[in-house]
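S.K.: My structure is below; once you've seen it, I'll send some questions.
The values are calculated or read from the model by the stated rules, or taken from the named source; none is laboratory data. Just so we're clear, the structure is a prediction, and the values are computed from it rather than from any experiment. For neighbour counting, all protein chains shown are included, and Cβ atoms are generated from backbone atoms with ideal geometry for every residue, glycine included.
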Amino acid sequence: MTGGGLIRTVAPDNSVMSSIPFNCVSRVGTEMQYIQEAFNRLHICGDGHFTKKCHHLLEKELGTLKALLTTSCTHALEMVALLLNIQPGDEVIVPSFTFVSTVNAFVLRGAKPVFIDIRSDTLNLDERLLESLITPATKAIICVHYAGVACEMNRILRIAARYRIPVVEDNAHGLFGRYRGRALGTLGCLATQSFHETKNFSCGEGGALLINDRNLVERAEILREKGTDRSRFFRGQVDKYTWVDLGSSYLPSDILAAILYSQLEVRDTIQAKRKVIWERYFKELSRWAADNEVRLPVVPAHCEQTFHIFYLLLPNWEVRQALIEHLKQRGILSVFHYVPLHLSQMGRQFGPSFCPVTERVSDQLLRLPLYSGLTESDQRRVIDAVMEFEVSEFALQRSAAAFAGR
């Protein structure tokens, strides 16, 4: 796959055309050089040269107290659950509109997820519902910055402070985004990042834990080092290291860190390319969206987004599926997103939840291809294909088919 992300496929009319994938990981050119350097240093396990460079970059650029790379965002979330001492019977408030790892990390510790609905504009946790869901058993509030657009953190933090509940940011979409001038990932006591290949910056699989509470730093290092005080040993603070706490192996290889650092090093270039693509979608599709009762993303003025996702909210599930098929027939892969967790087989075990906006949005949302290597000509193909689709015409066809079937 080239930097433009092109593969060959056969179109429905049997003519050969280029297929446009939904995602293609950025390649910046220094990955192999840095991997070779990691090998040359004869240290390719965790916390090597490039891991430390990633830690330093994240701490400096974000202003977080401590950054620790992990093998995935899932593992970073599991570390959060351990750091907060989540116990069986504890409750954790979390959006139903999120990836399963956001919930699983706490369920693994025996917690009960309390699903909260999302706002209809930003698709983030609806802070107006938050206080009504807090009980004496609430031990954490998990904020997911959907599409890299910040939750309304001021109000969330005020409510959390009133009840002395820690706030955690699942910032998988939001690295280098900002809320009222503050970096996402630095607002809660803890935050998690993802470096999966679908993210703006990737090493294939990976994540990070951001720690903003000084009291949690030392224990986080212990948990990440299999429950040992190995980090203190390497700093010369103890003469040997031993098992002192719970923990697991959460350190990624320095080879992965080398790949990640090559991308973080050119973060402004990657973000600038994504911004151009996102803004072109918004500008070119605004009239079509208005004419077809389709809603485009909402980004409040006080939020600096990360241009992670460009989505359309179609009138209903049938129209969404029809547009996905319409684009597929033209060699363009578009995808939907989260299925509501409270309606899943596992989610239903925790009792009923009222999340009507989540359910509606899940049926309506469609994501268009967005990656830094998406060429202007390929994006033009995507835009033109979307604009060929008329929601009203689809509705008429559907009505005619229903009438004929009577």
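S.K.: Can you work out which of the residues in the stretch 378-406 that are of a type in the set (Phe, Trp, Tyr) and under 18 Å from GLN329 (Cα atoms) is modelled with the lowest pLDDT? Outline the logic, then answer.
M.R.: Let us first name the residues in the stretch 378-406 that are of a type in the set (Phe, Trp, Tyr), namely 389, 394, 403.
Restricting the remaining residues to those that are under 18 Å from GLN329 (Cα atoms) gives 389, 394.
Details: PHE389: 97, PHE394: 68.
The extreme case among them is PHE394.
S.K.: Taking MET79 as the residue in question, decide whether it is aliphatic (A, V, I, L, M) and in contact with a helix residue (DSSP H, G or I) (Cβ under 8 Å, 6 or more places away or on another chain).
M.R.: Numbers: aliphatic (A, V, I, L, M): yes; in contact with a helix residue (DSSP H, G or I) (Cβ under 8 Å, 6 or more places away or on another chain): yes.
Here the answer is yes, as MET79 does meet what is asked.
S.K.: Could I ask something else about it? Only one of these conditions is not met by THR269: (1) polar (S, T, N, Q); (2) in contact with a Lys or Arg (Cβ under 9 Å, 6 or more places away or on another chain); (3) assigned to a helix (DSSP H, G or I). Which number is it?
M.R.: It is condition (2) that THR269 fails.
S.K.: How many of the residues making up the stretch 187-230 are touching a strand residue (DSSP E or B) at 6+ places or on another chain (Cβ under 8 Å), more than 29 Å from CYS303 (Cβ to Cβ) and surrounded by fewer than 24 Cβ atoms within 10 Å (Cβ to Cβ)?
M.R.: Qualifying residue count, the stretch 187-230: 5.
For every residue, the table says whether it meets (1) buried (at least 20 other Cβ atoms within 10 Å of the Cβ); (2) at pLDDT below 95; (3) more than 21 Å from TYR179 (Cβ to Cβ).
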| site | (1), (2), (3) |
| --- | --- |
| GLU78 | yes, no, yes |
| GLN87 | no, no, yes |
| THR98 | yes, no, no |
| VAL103 | yes, no, yes |
| PHE115 | yes, no, yes |
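S.K.: Could you figure out which of (1) surrounded by 17 or more Cβ atoms within 10 Å (Cβ to Cβ); (2) modelled with pLDDT of 95 or more isn't true of ASP121?
M.R.: (1)
S.K.: Restricting to the stretch 48-57, give me the number of residues that are touching a Leu at 6+ places or on another chain (Cβ under 7 Å) and surrounded by 21 or more Cβ atoms within 10 Å (Cβ to Cβ).
M.R.: Of the residues in the stretch 48-57, 2 are touching a Leu at 6+ places or on another chain (Cβ under 7 Å) and surrounded by 21 or more Cβ atoms within 10 Å (Cβ to Cβ).
S.K.: Sticking with this one: For the stretch 49-71, check the following and say yes or no: at least one residue is of a type in the set (Ser, Thr, Tyr), over 20 Å from LYS199 (Cα atoms) and touching a residue at least 12 places away in the same chain (Cβ under 8 Å). Walk me through it before giving the result.
M.R.: Kept after step one, since they are of a type in the set (Ser, Thr, Tyr), are these residues of the stretch 49-71: 51, 64, 70-71.
Adding the requirement that they be over 20 Å from LYS199 (Cα atoms) leaves 64.
Keeping just the survivors that are touching a residue at least 12 places away in the same chain (Cβ under 8 Å) gives 64.
Yes; the residues of the stretch 49-71 include at least one that is of a type in the set (Ser, Thr, Tyr), over 20 Å from LYS199 (Cα atoms) and touching a residue at least 12 places away in the same chain (Cβ under 8 Å).
S.K.: Residues LEU327, LEU365: which one is within 30 Å of SER132 (Cα to Cα), at pLDDT 95 or above and of a type in the set (A, V, I, L, M)? Give the derivation first.
M.R.: Working: LEU327 fails: within 30 Å of SER132 (Cα to Cα).
Within the list LEU327, LEU365, the selection yields LEU365.
S.K.: Let me ask another. In the stretch 332-346, is there at least one residue being more than 24 Å from LEU125 (Cα to Cα), at pLDDT 95 or above and out of contact with any Leu (no Cβ under 6 Å at 6 or more places or on another chain)?
M.R.: Filtering the stretch 332-346 for residues more than 24 Å from LEU125 (Cα to Cα) gives 332-334.
Narrowing further to those that are at pLDDT 95 or above: 332-334.
Filter again for out of contact with any Leu (no Cβ under 6 Å at 6 or more places or on another chain), leaving 332-333.
Checked against the condition, which is being more than 24 Å from LEU125 (Cα to Cα), at pLDDT 95 or above and out of contact with any Leu (no Cβ under 6 Å at 6 or more places or on another chain), the stretch 332-346 yields at least one hit.
S.K.: Take the conditions in contact with a Phe, Trp or Tyr (Cβ under 9 Å, 6 or more places away or on another chain), charged (D, E, K, R) and assigned to a helix (DSSP H, G or I) and apply them to GLU284. Does it pass? Spell out how you get there, then give the answer.
M.R.: Numbers: in contact with a Phe, Trp or Tyr (Cβ under 9 Å, 6 or more places away or on another chain): no; charged (D, E, K, R): yes; assigned to a helix (DSSP H, G or I): yes.
Spelling it out, it is not the case that GLU284 is in contact with a Phe, Trp or Tyr (Cβ under 9 Å, 6 or more places away or on another chain), charged (D, E, K, R) and assigned to a helix (DSSP H, G or I).
S.K.: Collect the residues in the stretch 302-337 that are surrounded by fewer than 22 Cβ atoms within 10 Å (Cβ to Cβ) and within 13 Å of ARG360 (Cα to Cα), keeping them in residue-number order.
M.R.: LEU313, PRO315, ASN316, TRP317, GLU318, ARG320, PHE336, HIS337
S.K.: Here is a follow-up. Looking only at the stretch 213-255, count every residue that is closer than 30 Å to TYR371 by Cβ and not aromatic (Phe, Trp, Tyr) and tell me the total. Walk me through how you get there before you give the answer.
M.R.: As a first pass, look at the stretch 213-255 and keep what is closer than 30 Å to TYR371 by Cβ: 250-255.
Within this subset, residues satisfying the condition of being not aromatic (Phe, Trp, Tyr) are 251-255.
Counting residues in the stretch 213-255 that are closer than 30 Å to TYR371 by Cβ and not aromatic (Phe, Trp, Tyr) gives 5.
S.K.: While we're on this one: I need the full set of residues from the stretch 231-251 which are crowded, with 16+ Cβ neighbours inside 10 Å, without any contact (Cβ under 8 Å) to a residue 60 or more places away in the chain and either under 23 Å from PHE99 (Cα atoms) or charged (D, E, K, R) (or both), in order please.
M.R.: Once the filter is applied, which keeps residues that are crowded, with 16+ Cβ neighbours inside 10 Å, without any contact (Cβ under 8 Å) to a residue 60 or more places away in the chain and either under 23 Å from PHE99 (Cα atoms) or charged (D, E, K, R) (or both), the stretch 231-251 yields only ARG232.
S.K.: Could I ask something else about it? When the residues of the stretch 257-286 are filtered to those that are farther than 18 Å from GLY206 by Cβ and of a type in the set (Gly, Ala, Ser), which remaining residue is nearest to the chain's Cα centre (by Cα)? Don't jump to the end; show me each part of the working.
M.R.: Applying the first criterion (farther than 18 Å from GLY206 by Cβ) to the stretch 257-286 yields 268-269, 271-286.
Next, from what is left, pick out any that are of a type in the set (Gly, Ala, Ser): 272, 286.
Numbers: ALA272: 19, SER286: 25 Å.
Ranking the candidates gives ALA272 first.
S.K.: Which ranges mark the strands (runs of 3 or more DSSP E) fully within the stretch 154-241 that have 2 or more residues being in contact with a helix residue (DSSP H, G or I) (Cβ under 6 Å, 6 or more places away or on another chain) and either polar (S, T, N, Q) or in the same structural domain as TYR371 (by TED's automatic domain parsing) (or both)?
M.R.: Values: elements: 167-170, 190-194, 207-211.
Counting at least 2 such residues, we get 190-194.
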